[in-house]
Amino acid sequence: MRRFLLMACLALIVLPSASRAQGTNSPKGQTSASGIDPMVLARAKTGDANSQLALAKAYLSGDGVLKDYQQAAFWAQKAANQGEVKAQIMMALLSALGWGVPKDEEQAAFWHRKAAE
C-alpha cells in the first residue's frame with residue numbers, strides 16, 4: 001500500500017508538466033535528437049530550478065528521453081537544493097523508493113521536511 005501511495009504522489013508531480021522538457025517552450029518547438037528542448041537544457045545547466053525540475057520529470061517519466069532515474073535524481077536534487085518544493089518531494093520519493101539514489105528513509109524524511117517547511 002505504501003508503495004502505491006508513493007507512486008501516486010510521484011505521478012501527480014511528474015505528469016502535469018513533463019512536456020516542458022520538450023519543445024513546447026521553445027519558440028519554434030525545436031528539440032534536440034534526445035527530445036529535450038536545447039533551451040531547457042541550457043537554462044537547467046545555468047541553474048534555473050524550473051528547467052532542472054522539467055528535466056527531472058522528463059527523465060523520470062521517459063517523456064522525450066529514455067527513462068533514467070539517476071539523471072532524474074541528478075536534476076531533481078539541483079532544483080531541490082534551490083528550494084523547489086516539487087523537486088524536494090520528488091527527491092523524498094526517489095529516496096524512499098531507491099530510484100536513482102540509494103534507498104534511504106532518513107534522506108526521504110529530510111526531503112519531506114524541507115518541502116513542508
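The values are calculated or read from the model by the stated rules, or taken from the named source; none is laboratory data. Since this is a predicted model, take the numbers as computed values, not measurements. Heavy atoms of the whole protein, side chains included, go into the accessibility calculation; ligands, DNA and RNA do not. Shrake-Rupley method; radii C 1.70, N 1.55, O 1.52, S 1.80 Å.
So which lysines can Lys45 reach, going by Cα to Cα under 26 Å and dropping same-chain residues fewer than 8 places off?
Once the sequence-local lysines are set aside, what remains near Lys45 is Lys28, Lys57, Lys67, Lys78, Lys86, Lys114.
Order Met39, Met90 by their accessible area, 1.4 angstrom probe, all chains in place, largest first.
Met39, Met90
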